[in-house]
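A short worksheet on the structure shown next.
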Amino acid sequence: MSFVTFGEIMLRLTPNNPVEQLVSTTQMEVGYAGAESNVAASLSLLGNDTDFVSKLPKNPIGEAAINSLRRFGVSTRHVIRGGERIGTYFIENGSSIRPSRVIYDRSNSALAAIIGNEFEWISILKKKKWLHITGITLALSEQCAQECVDLAIRAREQGVKVSFDMNFRRSLWNDKSKARVIYTQIMNHTDLLFANLGALQDVFGLDFKGSSSILKTEKAIHKTQELFGISNHAFTIRELVSASLNTVSGMFLTENELHTSKSYCVNIVDRFGTGDAFAAGCLHAVNKGLNGRETIDFASAAFAIKHTIRGDINTSSEEEINNVAKGNIQGHIQR
């Protein structure tokens with residue numbers, strides 16, 4: 001096994017009509033997703049051996065969540081069963097000048113209520129190359145935050161590299177100062193950091209000046225390296241024209257070499273899970289031994305193409321992502 005991810009997979013409910021509002025919909029589409037499970041699924045679809053670790057209630061909904069990952073080839077053998085409920089989130093896709101919206105219903109979920117020593121981490125981490133965790137799990141409960149900190153330390157002790165996606169969610173944190181303390185603890189044990197300008201502003205109050213988002217991001221990457229000593233950084237860059245139209249790109253710092261991808265102007269089908277697609281693309285490229293330029297080109301192409309796919313998971317193949325990276329973005333019909 002190459003990768004292990006730890007976090008919460010949730011029940012995702014979205015109006016059947018993609019642009020209908022939650023207040024008026026009468027029919028909902030059911031799915032299962034979460035930041036870490038999205039990364040696991042994308043990595044598996046790209047041909048990697050991947051384990052997803054979590055806790056889910058022992059009922060048909062919990063089983064459906066597990067089955068949703070098995071269909072993508074993700075190993076769920078370390079998902080433990082118990083707890084009262086699965087976390088749920090409702091998505092309202094934006095359009096034009098109306099922004100997208102997320103409503104969480106995840107208090108007291110099975111994962112949020114974990115206790116110490118529920119997971120056999122020594123066995124789980126054995127023969128793994130990478131552990132991937134995110135800031136979302138840190139926000140679920142004090143137990144989850146401590147589990148992630150301990151896990152990052154244990155992973156490095158066992159020779160497993162740690163990737164951490166800051167993934168700050170304002171609605172899940174009552175006190176940013178607590179987030180800052182916990183994030184710092186994780187980042188002190190991180191080998192590859194995923195972030196963006198917004199996350200650095202929210203968690204650490206860092207603001208960067210510049211004439212473009214690319215110049216601001218370049219300053220942010222170097223500042224983060226200075227503050228935390230992390231050798232590898234992968235940042236997403238996003239310019240919003242509207243809820244339906246964004247320009248996206250990425251930046252990768254490794255061994256003091258900085259690489260910026262081309263920019264993609266994307267018409268958005270589904271905004272959710274795009275950062276996870278970027279993380280999975282980057283981890284896949286790094287694991288294959290691609291250089292910095294090849295890595296950010298692949299990760300940013302995965303980031304861009306996910307905006308065109310409904311649902312949280314980037315189901316694109318390596319070939320499809322590479323085609324975008326090579327500039328095949330005109331949308332010609334393939335026959």
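Read the figures in this text as sums done on the coordinates, not as results from a lab. Note that the coordinates shown come from a computational prediction; the quantities given were computed from them, not determined experimentally. When we count neighbours, we look across all protein chains shown, and the Cβ atoms used for this are built from the backbone with ideal geometry, even at glycine.
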### Message
So if I take the centroid of the Cα atoms in the stretch 96-154 and the same for the stretch 277-335, what is the distance between those two points in Å?
### Response
26 Å
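Ranking V39, V203, V149, V19 by Cβ neighbours within 10 Å, fewest first, what do you get?
Result, fewest neighbours first: V19, V149, V203, V39.
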### Message
Could you tell me which residue out of L46, G7, A243 lies farthest along the dipole of the chain toward its positive end? Charges go on the beta carbon: Lys and Arg +1, Asp and Glu -1, centred on the Cα centre.
### Response
A243
### Query
How big is the antiparallel share of DSSP beta bridges in the stretch 3-325, given as a percent to the nearest 5?
55 percent
### Residue order, fewest to most beta carbons within 10 Å, for E319, E147
E319, E147
#### Entry: Reachable lysines from K127, criterion Cα separation under 26 angstrom, eight or more residues apart if same chain
K55, K161, K288
### Query
Hey, which lysines would be in cross-link range of K216, C-alpha to C-alpha under 25 Å, not counting anything within fewer than 8 residues on its own chain?
K176, K262, K306
### Calculated from backbone phi, Karplus (6.51, -1.76, 1.60) coupling profile of the stretch 3-17 in Hz, x at Gly/Pro
10, 9, 10, 10, x, 9, 9, 10, 7, 9, 10, 9, x, 4, 7
### Query
Where does the chain land at 222 nm, in deg cm²/dmol rounded to the nearest 500, when only DSSP H runs of n ≥ 4 count, each adding -39500 (n - 2.57), divided by all residues?
-11000 deg cm²/dmol
#### Entry: Amide proton proximity set for R85, modelled H, under 5 Å, gap of 5+
A110
